[in-house]
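The values are calculated or read from the model by the stated rules, or taken from the named source; none is laboratory data. Model, not experiment: these values are computed from the prediction. Cβ placement follows ideal geometry from the backbone for every residue including glycine, while neighbour counts extend to all protein chains displayed. Note: accessible area is taken over every heavy atom of the protein model, side chains too, but ligands, DNA and RNA are not part of it. Shrake-Rupley method; radii C 1.70, N 1.55, O 1.52, S 1.80 Å.
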Amino acid sequence: MSLDAADQHRRAVTFQRLHEGPTFVIPNPWDAGSARVLTQLGFPALATTSGGLAFALGRRDGAGLVSRAETLENIRAIAGATPLPVAADLESGFGDSPDDVADTIRLAAEAGAVGGSVEDATGDPAAPILPLPEAVRRVEAAVAAARALPFPFTLAARAENFLYGRPDLSDTIRRLRAYEAAGADVLYAPGLPDLDAVRSVCAAVGRPVNALAGGSPAVTVAMLADCGVRRVSVGSALARAALSAFVDAAREIHETGTFRFGKDVLGYAQVNRLWPDRPR
């Protein structure tokens, strides 16, 4: 389902304004069904997840096994299932050149996204993070493509150091500042080790910061907000929570021949009531 121009513009403006405060949570559905559930629960916006999509397709995440076309189709399905703003996990932009990244931004917008993130990861285990000048050029190209759209596309730039075994906070901040200077609207360093690091990132930049949550039960939205975080996402955590329950249930059936898991699941009628008659 494609969005009409007025609807997409409305979503885009809504999403842009959310970043003015207060801190909000943008959960990550992996398909149309999970998007509709999150919409019913009252979240203000949604973001796709490359990990959740990879798992749904039966593939490993972070290995370049999901194509741009598959990612765009996932964006289209999720945007068509909700009236909420949808931001897209665009990984490293699906191409080697800044022009490739710009094309990905335009295609994501055509698929219904009103925001998206671009990483500085290379996909090469031997050199997992792009040199900063090259990463900046890619952010600049993404920004230029976003600004040429007929609505305010909110672009997030990601510094991936901590996800790839480079726990260098100083370099991470240096990168985020460079992406801010290149025009990124939101800054994001997933995998930061603690709240002190989150606080340092927020203090070092002048644009809204997205924080990744869901990995530590001790961390709350309120704590992240106190650090200065404006937006909180959960990446593949919800998809992994669903998959964890599935694996536990299937393992019980296979190993013990019992069905104790059934006492904790939603009933058939309850699940049916999760879906309104019409998706929008």
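A compact table of results
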read-out	value
Prolate/oblate/rounded call for the range 121-234, Cα gyration tensor, a/c under 1.5 rounded	oblate
Percent accessible area from carbon and sulfur atoms, the range 1-74, protein chains only, probe 1.4 Å	54
The range 145-194: relative contact order as a whole-number percent, Cα under 8 Å and 6+ apart	44
Percentage relative contact order, the chain, counting C-alpha pairs under 8 Å, at least six apart	19
Order by protection proxy (mean Cβ within 10 Å, highest first), peptides 203-211, 100-108, 62-70	100-108, 203-211, 62-70
Degrees separating the helix 32-41 axis from the principal Cα axis of the chain, which is the longest one	90
Cα-projected label distance for Arg10 with Val265, points at 7 Å along beta-carbon direction, nm	3.7
Surface share of carbon and sulfur [accessible, 1.4 angstrom probe, percent] for the range 149-280	56
Inter-part distance where the range 123-191 and the range 73-102 are each reduced to a Cα centre, Å	16
Residue-normalised accessible area of the chain, expressed per residue, 1.4 Å probe, Å²	48
Helical mean residue ellipticity (222 nm; -39500 (n - 2.57) per DSSP H run of 4+; nearest 500) of the chain	-14500 deg cm²/dmol
The range 215-272-the range 1-72 distance, computed between alpha-carbon centres (Å)	18
The range 18-56 residues near the modelled Val247 label - backbone nitrogen below 16 Å, point 7 Å along Cα→Cβ	51-56
Angle between the chain longest axis and helix 237-256 axis [Cα atoms, degrees, rounded to 10]	30
Environment charge at Leu224 (Cβ cut-off 10 Å; Lys +1, Arg +1, Asp -1, Glu -1)	+2
Helix 68-80 axis, angle to the chain major axis (alpha carbon atoms, nearest 10°)	60
Cα-based shape type of the range 64-141, given that a ≥ b ≥ c are square roots of the gyration tensor eigenvalues and the cut on a/c is 1.5	prolate
